[in-house]
Amino acid sequence: MNDTVRESLSALMDGEASELELRRILSADEHAIRTEWADLHRSQQILKNEVSPYMNWDISARVMAEIEGDELINSVGTGWKQAVSGLAIAASVAAVVVVGSLGSNMFGGSSQMVADNNGVSGRVYPAQTSSATVGGVAVSAQAQASPAGPLLNNDAEARKRFEAYLRKHTDRAAFNNGQGMVSYARVVSQESE
Amino acid sequence: MIVRLTCAALAAVLASAPVFSLDSGSELLNKMTHSHRELNYRAIVTYQLGDQLSSYRITHTVHDGKEFEALESLDGDHQDLVHHGHDINCVHPGPQLIRLVNADEEQGFYRYYDVDIEGEGRVAGRDTVTLSIKPRDVYRLGYTLSLDKETGLLLRSDIVNQQRKVLERFQYVMLDLNIPDDELIVDGAIEVEHKHVALGAGATTARIRVWRPNWIPAGFTPLKDTGEENAALTYTDGLAVMSVFVEPLLKTESDAISVSEGGMRRGASVSYTVAFPENGMFATVVGEVPMLTAKQVAKSLSWEPR
């Protein structure tokens, strides 16, 4: 795996990966990616002194099976919808696999274990476990793994709304971010594009 | 443990910075929050977004206790903004959060960012001190700020993501601090709105608003906003600012807006939109924060049962 892919992966982990980076990750060598992804998370957990109860779960095979089942529904959508949902699925797989991939071999042997678990646990959504109250200091490993979601940069409607919101937001931000009037360059440069 | 390590690292940095201590760094940061409102100056500023560079002339004066500001674009389409009559004593929460530092280092702003003095330099022909401000969690962006040694004016600002990649950059290329305070007037400029905002006495606005985010990152304080209580909320941690906007999905009975969930990104600014069909509303979080933050805040919105 080259450094570009590694950087993209690190970006994905922080929820900052662009669509391009996501594609780069998806087209790279799968095994190497999974290993690196697991390593990244393991080292972060060690850094944070956290022990996850999901450490040894591997639900990747089950997720794959679910996706296979979902494909029928997806194929009804139009081209771009398919593309977006495909990305979303890829992203959610990435998010869920993190939890399960630590310390186990993704391709050999693990599917048996997952199959054994199926009857007992049913559907498992560990990525949804994080919820913190307003003001609480909470950084969970799951939160960091969640991807940025689909980007709507090409949607003209959404773009227009974004500009209007950014303008209103800047009215509020300019007095609070230490930059003052300079903040409006963000709005102006956008409008003149 | 990590905090202690950071402190040790900080101490090491301090020991190696002969002229500036952390105190003077935070002092300068504090200065930054008000000097740009108090001084008379004219400046040329460049704004860089990816491979795009644009430039602006900024004029700021204080006359009879009122601020006047103008921003004129110097390339591309003519775009001018003015803002005047803002009371110089008007208090905003962002600077207040940064000021808290002097009281207690582990409080407020400094609890969420590590501030290091990176060195000294020159920007726009002025001597500067460069501060590296790194977020302690994944919900904020990082900053590299070059502040004018004499005035504390922010002369260069890089906003960087968690991978330290620069998302946008402001840089002064010329600064003139000797302009008369009645120097002014840009013709045909657009007046900028000033929201009367103060530190959030949430109780007064909660009565009107029926929605709220159930999660915001620690350290973000809501601004109290005298207008639009029902449509917008803004939070700041002293450097990062994010706003939540809520709009009905249906403008009229027949005219439904199609809203797809997703994010937008431009420079350091992102937005994330989530539809709440069961409430007939959609919410958009906009701000200079990581996409992750915007998304999580947008998704956490809930409505009071009516």
Item to check | Sole exception among (1) touching a residue at least 24 places away in the same chain (Cβ under 8 Å); (2) facing chain A (nearest Cβ under 9 Å); (3) under 16 Å from the mean Cα position of the chain (by Cα) for residue B:271, by number | outcome: (1)
Item to check | Residues of region A:159-193 satisfying the condition of being closer than 22 Å to residue B:259 by Cα and at pLDDT 80 or above | outcome: A:159, A:160, A:161, A:162, A:163, A:164, A:165, A:166, A:167, A:168, A:169
Checklist outcome for this item: Residue pairs qualifying under the 7 Å Cβ cut-off, at least six apart or on distinct chains, with the first in region B:237-253 being among the acidic types (Asp, Glu) and buried (at least 24 other Cβ atoms within 10 Å of the Cβ) and the second being at pLDDT below 90 and not in a loop (DSSP other than H, G, I, E, B), are B:237/B:97; B:237/B:109
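Residue-by-condition table, conditions (1) part of a helix (DSSP H, G or I); (2) closer than 21 Å to residue B:124 by Cβ; (3) modelled with pLDDT of 75 or more; (4) among the acidic types (Asp, Glu):
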{"site": "B:55", "(1), (2), (3), (4)": "no, yes, yes, no"}
{"site": "B:60", "(1), (2), (3), (4)": "no, yes, yes, no"}
{"site": "B:68", "(1), (2), (3), (4)": "no, no, yes, no"}
{"site": "B:72", "(1), (2), (3), (4)": "no, yes, yes, yes"}
{"site": "B:77", "(1), (2), (3), (4)": "no, no, yes, yes"}
{"site": "B:84", "(1), (2), (3), (4)": "no, no, no, no"}
{"site": "B:89", "(1), (2), (3), (4)": "no, no, no, no"}
{"site": "B:94", "(1), (2), (3), (4)": "yes, no, no, no"}
{"site": "B:97", "(1), (2), (3), (4)": "yes, no, no, no"}
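The values are calculated or read from the model by the stated rules, or taken from the named source; none is laboratory data. Being a predicted model, the structure only gives us computed values, none of them experimental. Heads up, the Cβs are rebuilt from the backbone with ideal geometry, glycines too, and the neighbour counts pull from every protein chain shown.
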